[in-house]
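Single-structure report; data block below.
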Amino acid sequence: KQEVTQIPAALSVPEGENLVLNCSFTDSAIYNLQWFRQDPGKGLTSLLLIQSSQREQTSGRLNASLDKSSGRSTLYIAASQPGDSATYLCAVLPNSGYALNFGKGTSLLVTP
Amino acid sequence: EAGVAQSPRYKIIEKRQSVAFWCNPISGHATLYWYQQILGQGPKLLIQFQNNGVVDDSQLPKDRFSAERLKGVDSTLKIQPAKLEDSAVYLCASSPVGVGETQYFGPGTRLLVL
């Protein structure tokens, strides 16, 4: 059974800092990996999707990397802003199924 | 483009009562998902529909949960009878046809069972 772990569980940084969120998964037989953002009381918003054959994806100040062989992904946020405060969730789609397996998320607070 | 709609947004019931949630996916999306997100956890897939058919319901507690997708569009998720441990946010998502496409999530229904 695929296990997805996110470290740290919570993170507080001052505005302007660059930061890295980590995601690890136990089974490397994945179809793709996605990073989502969840704001309080709201649904999930997809940030980046990395196919299993890709190494990284970038969108604005966000960069996600994937090392499938070691079962790791990182989400890099450059020049953090208070508006980045949210919970960030990592999810993997296994080759063998349709269900996304989510981590518990990292709760990020960016202080002015 | 309108997003995924869900109602109600909040629901409080007592244990052993029944409750139903409604989801309207993005127009044209063939695949619809229901997830359960318990506080402090990531979402867990309950059921996935492809058009009218069920693709995966392996994690749906079928003794109390049921779901249907009417005419391949709207969907309802029902719990009967509810238990305290069903307190969670129920998220609906949809995606176009195809494996591994981005899923678009609704705002969720927050259920509290007392």
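FYI, it's all coordinate maths here, none of it is from the lab. These numbers were taken from a predicted model, which means no experiment stands behind them. Cβ atoms come from the backbone with ideal geometry, glycine included; neighbour counts cover every protein chain shown.
Using C-alpha pairs below 8 Å separated by at least 6 residues, the relative contact order for chain A is 37 percent. Holding the Cα-Cα limit at 30 Å, pick out from A:K68/B:K78; A:K42/B:K62; B:K44/B:K71; A:K68/B:K83 the pairs that are longer than that. Beyond 30 Å: A:K68/B:K78; A:K68/B:K83. Within the protein assembly as shown, the proportion of Cα pairs with more than 29 Å between them is 27 percent.
For the range B:45-97, trypsin sites (Lys or Arg not before Pro) are listed when DSSP marks them as loop and at most 11 other Cβ atoms sit within 10 Å of their Cβ; the list is B:K62. Both the radius of gyration and Dmax for the range B:13-114 are 13.1, 40 Å, in that order, over alpha-carbon atoms. Amide H contacts of B:N51 (H built 1.01 Å from N, in plane; Pro and chain starts excluded): B:T31, B:L32 sit under 5 Å, all sequence-distant by 5 or more or on other chains.
Rg and Dmax over the alpha-carbon atoms of the range A:50-112 stand at 13.3, 44 Å. Charge tally around B:T109: other residues with Cβ under 9 Å, Lys/Arg +1 each, Asp/Glu -1 each, net +3. Pairs of alpha carbons in the range A:1-88 separated by more than 20 Å make up 34% of all such pairs. Averaged over peptide B:43-55, the number of partner chain Cβ atoms lying within 10 Å of each residue's Cβ comes to 2.
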